Amino acid sequence: MVVKVDNTESIPATDEVISEEMDMKKKKYLRGEGANLKVLKFDLKDKKLRGQLAVQEELFGKSAAAAAKAEKWLMPSEGGYLEGDGIEKTWRIKQDAIASEVDILSSRKQFDIVLPDFGPYTLEFTPSGRYMAAAGRKGHIAIVDMKNMSAIKELLVRETVRDVVFLHNELFFAAAQKKYPYIYNREGTELHCMKEHGAVLKLQFLRNHFLLASINKFGQLHYQDVTTGQMVANVRTGLGRTDVMQVNPFNGVVAVGHSGGTVSMWKPTSAAPLVKMLCHPGPVTALAFHPNGHLMATAGMERKIKIWDLRKFEVLQTLPGHCKSLDFSQKGLLATANGSFVQVYGDLSGSQNYSRYMTHSVAKGYQVKKVTFRPYEDVLGIGHSMGWSSILIPGSGEPNFDSWVANPFETSKQRREKEIRSLLDKLPPETIMLDPTKIGSVRPERKKEKPSKEDREAEMEAAIEEAKNIHMKKKTKGRSKPSKIAKKKQEAVEKAKKPFLEQHTNKRKPTEETQLPKSLERFVRKKAAA
């Protein structure tokens, strides 16, 4: 790897260069070519429509210019990928070579923590990527500040810990222990013991809804509201024991992988799965969602990794390999882990065709349990049987963060304000659905189609036949004579015909109330004659 230094003097950018750059950025945000109003001037006779089109095109141009301006000044950093020189393959480049080329701060993000007495470890990052929770299977839980590389709190619970997940911020986290899941604060104080969940195997937190989702060893899916403590839903999946569960960040739907090769998707307000799709012929071993929510990656025991398009529920690509953990980065890189080998796939061309991007092998004998990307950093966290590791994956993280969404440098005051704002914006469980864009849309009222003449005649004949077949009770004292019965049937037939005749007649019989006095009738005649 060669580093070239350019000694040419920097030339200050002129107004023409800046305007050309802004025009190029503006074209990126314009959705195709606009309507040619000069040509449409002769085709469209309606002046109002031409004016509306002109206003619409002006608004499109203003929004594209605003987006280009925001990209220039508010998103100064640009993300880049690792590129090979000539026939060099990126997946052959080792971590030592990358660490020698990057700056000092980036090289510090590459480390190994060896704790052989408490592994294997599972990792979890906050949405801002600043804090990390590490949980060892044998009872060790640690909260680490990744910015200062310091341990905030360590505790030993002296029992099995299967999973750990942060709640709405770094001050609270939940741990799935041997019998029940527990909620702790950052100081390690136990706050709640949730016995209703049972022996939980996997935990997930829905941040927009403040719901803690868990699945236990009996295949029961629980949803609990962490703000009120109310148990929102308790669903039996009926598909056996599993520890493969993931939340779709796009719509809040929980996907569960089962031993029969199926993936079921759930929401708390439904006792039946929204989707039940057969993904593999054998058990599902890992599951992950793309940040945009439209792609899903699944891994099965038949040593295949499949990438699905959730808008059509079709397989886009099948990759060879067996893995026990999957994770998508913010830029769409896919990390897979099996044994002591980690492999990263990338869609560098943007055509949804993943290929091998980087590989990494931890020390021989270490068994990787979980891989997870650190948000807003080009870092991949690896939890394995002897501790956890951190490696550099160029191009995996989003280079520009939005402080309203996730701020890695937020203060305690900003954290309190964000917590209050998120509580006010909390979404009810009913808003979880496969297509959240339908929320707020109103279904248009359908116009009732007028029945045809044949349909009206058929309905009237059916009503007449029903009236003729009415059973008459036998009465005494001459009230059951054939003439009386025939008369009653005739009255029933007339009564059945009446609504059809009144509904479809156009003639209106004048009544005494609608008739005009004689002094005004002459005006009606004149109007009719005219």
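The values are calculated or read from the model by the stated rules, or taken from the named source; none is laboratory data. In this text, all values refer to a predicted model and were calculated from it rather than measured experimentally. Glycine also receives a Cβ, built like all others from the backbone with ideal geometry; neighbour counts cover every protein chain displayed. In case anyone asks, the SASA skips ligands and DNA or RNA and just uses the protein heavy atoms, side chains included. Shrake-Rupley method; radii C 1.70, N 1.55, O 1.52, S 1.80 Å.
Summary table below
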| quantity | calculated |
| --- | --- |
| For the chain, alpha-carbon Rg over 2.2 N^0.38 Å | 1.46 |
| Packing-based ranking, highest mean first, of 129-142, 167-180, 299-312 given that Cβ atoms within 10 Å are counted | 129-142, 167-180, 299-312 |
| Fraction of accessible area attributable to carbon and sulfur, the chain (%, probe 1.4 Å) | 52 percent |
| Packing-based order for 454-464, 319-329, using average beta carbon neighbours within 10 Å, highest first | 319-329, 454-464 |
| Gyration tensor (alpha-carbon) shape descriptor, region 106-240, a/c threshold 1.5 | prolate |
| Shape call, region 284-331: gyration tensor on alpha carbons, a/c limit 1.5 | oblate |
| Interchain or long-range residues, amide H under 5 Å from residue 160's placed H | 178 |
| FRET efficiency for residue 94 and residue 322, using Cβ-Cβ distance with R0 set to 35 Å, rounded to 0.05 | 0.90 |
| Under 30 Å from the Cα of residue 306 - lysines, other chains or at least 8 residues apart | 89, 94, 202, 217, 267, 276, 324, 331, 364, 369, 370, 438 |
| Förster radius 45 Å - calculated FRET efficiency between residue 45 and residue 461 (Cβ-Cβ, nearest 0.05) | 0.30 |
| Dipole of the chain, positive end: most advanced residue of 206, 387, 95 [Cβ charges, Cα centre] | 206 |
| Angle between the chain longest axis and helix 15-29 axis [Cα atoms, degrees, rounded to 10] | 50 degrees |
| Difference of contour (0.36 nm per residue) and Cα-Cα distance, residue 516 to residue 53 | 161.3 nm |
| The chain, relative contact order in percent, only Cα pairs under 8 angstrom and at least six apart counted | 10 percent |
| Dipole axis of region 243-317 (+1 Lys, Arg; -1 Asp, Glu on Cβ), positive-most option in 290, 313, 255 | 313 |
| Helix-only [θ]222 nm of the chain, DSSP H runs n ≥ 4, -39500 (n - 2.57) each, per residue, nearest 500 | -7500 deg cm²/dmol |
| Extended-chain gain in nm, criterion 0.36 nm per residue less alpha-carbon gap, residue 312 and residue 196 | 38.1 nm |
| Per residue accessible area of the chain, 1.4 Å probe, in Å² | 63 Å² |
| Dimensions (Å) - region 67-183, Cα atoms, principal axes, largest first | 54, 38, 23 |
| Charge dipole magnitude, Cβ of K and R +1, D and E -1 - region 218-350, Cα centre, debye nearest 20 | 200 debye |
| Net charge dipole size for the chain [Lys, Arg +1 and Asp, Glu -1 on Cβ; Debye, nearest 20] | 4900 debye |
| Gyration tensor (Cα) of region 364-434, equivalent ellipsoid semi-axes in angstrom | 31, 18, 13 |
| Cα Rg over Rh - region 169-286, Kirkwood | 0.97 |
| Amide N of region 154-179 lying under 18 Å from the label point, which is placed 7 angstrom from the Cα of residue 117 along Cα→Cβ | 154-161 |
| Ranked by how many other beta carbons lie within 10 Å on average, peptides 423-435, 371-383 from highest | 371-383, 423-435 |
